[in-house]
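See below for the structure under consideration.
The values are calculated or read from the model by the stated rules, or taken from the named source; none is laboratory data. These numbers come from a predicted model, not from an experiment. In this analysis, Cβ positions are derived from the backbone assuming ideal geometry, glycine residues included, and neighbour counts consider all displayed protein chains.
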Amino acid sequence: MVKDAFTAVLVQVAGPPTFPVAGSDGKFHVAYNVVLQNASRVPATIHKLEVVDATNPTEVIASFSAKQLVDPACGFGDCNRLRAMPSAPVQNAMIPPQEARVLFVDFAFDSLQAAPKFVMHHLTFDGASSPVTSSPVSVDYTVTPLSISAPGPVVMGPPLKGKNWIALNGCCEPGWPHRSTPLPLNGSLLGGQLFAIDWKQTNDKGAFYTGDKTKNESYVDYGSEIIAVADGTVTSTLDGQDANAPGVLPADDPVLGPKLTVENVDGNHIVLDIGSGAYVFYAHLLKGSLLVKEGDKVRKGQVLAKLGNTGNANASHLHFHVMNGPSVLGSSGIPYVIDAFEYQGQISAQQLADADDYLTGNFFGQGRLATPESREDQLPMAWSIVNFPG
């Protein structure tokens, strides 16, 4: 029996049990968010969070400290994992009394056999060691078991056809929109976009558009067919949203921003129930292109709509993720794999970060393979270049 202990900083996993998902990099990835709440009267300065094997807590699986927690000079990557609630950057690792932070946790295994069934969290900080502590002292404890052996993954077909699709903003690196946008909804902090991908297509030179960059029709992917990844039932749709002008993110525009709502922020979209508690979300679709409505039964490979630039988007793309409920914002994102695709390598995340709002440039560089590799039952990781059948 474990003795009771005073834990000034609460460690709470925000999300359901999870599992390692096979990535296109050959590793098995786990990602979730941890809420750290200072429930004491003195400040708590976080030094380190270690993820450990629950059956052997001396075995450290992953460790987050120093610049991994806070580094104002770092734009993206393995940094700035500690955020003000729900996701704002912070300047230091101190949690004031009665305040909370969220910590983005992700780690990977070389094989499924290397992953334990449960992990726990070893927290090291300067803070209160008892209810009467008046100034911070060194504290550490191991708490909060989490199952990483939940059933999964969901296996599905590709959501698109053709070659040169780029997995923008994919799993699991901090500093990019999907990983960094948990939402406080329905009494929980939900990471609905934890494994989301913004699929965007280039031409054979690695350019996202040719011609006039201010016209949607100049972009390679605009109007591409969106297809059902599995047999399922349409649970909700939205159509009627007009296309955005490329290069303008509505949320940053003083006129367009106030028009965004919970209902239309993802633009024209489709939610598809594919069974076993999994729901697929397709967003930013072309106005008037939806071929299905709520209640329709669809078959894997069926064309559902066309790719557009609607909602809070500054360029055409397909936002795609899988979740554990029908509510787009009120569900948790869950891992999934695509049954068959070709892997062409990676584009440069730094080049993308440096690009203008139109994504100008040729993004194929040294990271592109000479010969595509066939892959099965993997999740394309962030910045992957992928060919889909068809």
Check your understanding: Restricting attention to region 214-267, which residues are in contact with a strand residue (DSSP E or B) (Cβ under 6 Å, 6 or more places away or on another chain), of a type in the set (Asp, Glu) and modelled with pLDDT of 95 or more?
Key -> ASP221, GLU225, ASP239
**Study point:** Residue selected from region 332-359 under the condition assigned to a loop (DSSP other than H, G, I, E, B) and among the β-branched types (Val, Ile, Thr), by the criterion surrounded by the most Cβ atoms within 10 Å (Cβ to Cβ)
**Key:** ILE334
Point to revise | Pairs with Cβ under 7 Å, 6+ apart, first in region 338-351 and among the hydroxyl-bearing types (Ser, Thr, Tyr), second surrounded by fewer than 16 Cβ atoms within 10 Å (Cβ to Cβ) | key: TYR343/GLU373; SER348/GLY365
Point to revise | Residue count, region 54-76 (criterion: touching a Lys or Arg at 6+ places or on another chain (Cβ under 9 Å), surrounded by 16 or more Cβ atoms within 10 Å (Cβ to Cβ) and either in a strand (DSSP E or B) or not assigned by TED's automatic domain parsing to the domain that holds PRO97 (or both)) | key: 1
Revision key, fill the gap. The number of residues in region 199-228 that are within 18 Å of HIS269 (Cβ to Cβ) and either of a type outside the set (Val, Ile, Thr) or not in a strand (DSSP E or B) (or both) is 9
Check your understanding: Is it fair to say PRO158 is under 30 Å from PHE364 (Cβ atoms), in contact with a Lys or Arg (Cβ under 6 Å, 6 or more places away or on another chain) and in a loop (DSSP other than H, G, I, E, B)?
Key -> no
Study note, to complete from the structure: Within region 87-107, restricting to residues that are in contact (Cβ under 8 Å) with a residue 60 or more places away in the chain and β-branched (Val, Ile, Thr), the one that is farthest from SER180 (Cα to Cα) is ILE95
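Has region 50-58 got any residue that is more than 30 Å from LEU112 (Cβ to Cβ), touching a Pro at 6+ places or on another chain (Cβ under 9 Å) and modelled with pLDDT of 95 or more? Break it down into steps so the answer makes sense when it comes.
Within region 50-58, the first condition is being more than 30 Å from LEU112 (Cβ to Cβ), and the residues that meet it are none.
No, region 50-58 has no match at all.
Residues of region 118-153 being hydroxyl-bearing (Ser, Thr, Tyr) and touching a residue at least 24 places away in the same chain (Cβ under 8 Å), which ones?
Looking only at region 118-153, we keep the residues that are hydroxyl-bearing (Ser, Thr, Tyr), and these are 124, 129-130, 133-135, 138, 141-142, 144, 147, 149.
Those that are hydroxyl-bearing (Ser, Thr, Tyr) and touching a residue at least 24 places away in the same chain (Cβ under 8 Å): THR124, SER129, SER130, THR133, SER134, SER135, TYR141, THR142, THR144, SER147, SER149.
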Revision key, fill the gap. Only unsatisfied item for ASP106, checking (1) surrounded by 19 or more Cβ atoms within 10 Å (Cβ to Cβ); (2) touching a Phe, Trp or Tyr at 6+ places or on another chain (Cβ under 6 Å); (3) over 18 Å from VAL9 (Cα atoms), is (2)
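Looking for something over 18 Å from SER331 (Cα atoms), under 12 Å from the mean Cα position of the chain (by Cα), not assigned by TED's automatic domain parsing to the domain that holds PHE104 and not in a strand (DSSP E or B) - is there at least one such residue anywhere in region 181-198?
no
Okay, residues lined up against (1) hydrophobic (A, V, I, L, M, F, W, C); (2) farther than 30 Å from ALA150 by Cβ; (3) in the same structural domain as HIS319 (by TED's automatic domain parsing):
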| residue | (1), (2), (3) |
| --- | --- |
| ILE334 | yes, no, yes |
| ILE338 | yes, no, yes |
| GLY345 | no, yes, yes |
| ASP354 | no, yes, yes |
| LEU359 | yes, yes, yes |
| GLU373 | no, no, yes |
| MET381 | yes, no, yes |
Practice item. Please list, ordered by first then second residue, the pairs with beta carbon atoms under 9 Å, 6 or more apart or interchain, first in region 288-304 and assigned by TED's automatic domain parsing to the domain that holds GLY275, second of a type in the set (Phe, Trp, Tyr) and crowded, with 16+ Cβ neighbours inside 10 Å. Key: LEU304/TYR282
Review point. Just to be sure, is ASP242 among the acidic types (Asp, Glu), surrounded by fewer than 23 Cβ atoms within 10 Å (Cβ to Cβ) and under 23 Å from PRO177 (Cα atoms)?
Key: yes
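Could you please let me know if ALA62 is modelled with pLDDT of 95 or more, under 26 Å from SER348 (Cα atoms) and among the small types (Gly, Ala, Ser)?
Yes; evaluated as a whole, the condition is true for this residue.
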Review point. If you take the residues of region 21-53 that are charged (D, E, K, R) and either closer than 25 Å to ALA100 by Cα or touching a Lys or Arg at 6+ places or on another chain (Cβ under 7 Å) (or both), which of them is surrounded by the most Cβ atoms within 10 Å (Cβ to Cβ)?
Key: GLU50
Exercise for review: Exactly one condition in (1) in contact (Cβ under 8 Å) with a residue 24 or more places away in the chain; (2) farther than 29 Å from SER374 by Cα; (3) surrounded by fewer than 23 Cβ atoms within 10 Å (Cβ to Cβ) is not met by THR310; state its number.
Suggested key: (3)
Point to revise | Condition broken by VAL42, with the remaining ones in (1) outside any loop (DSSP other than H, G, I, E, B); (2) farther than 17 Å from ARG179 by Cβ; (3) of a type in the set (A, V, I, L, M) satisfied | key: (1)
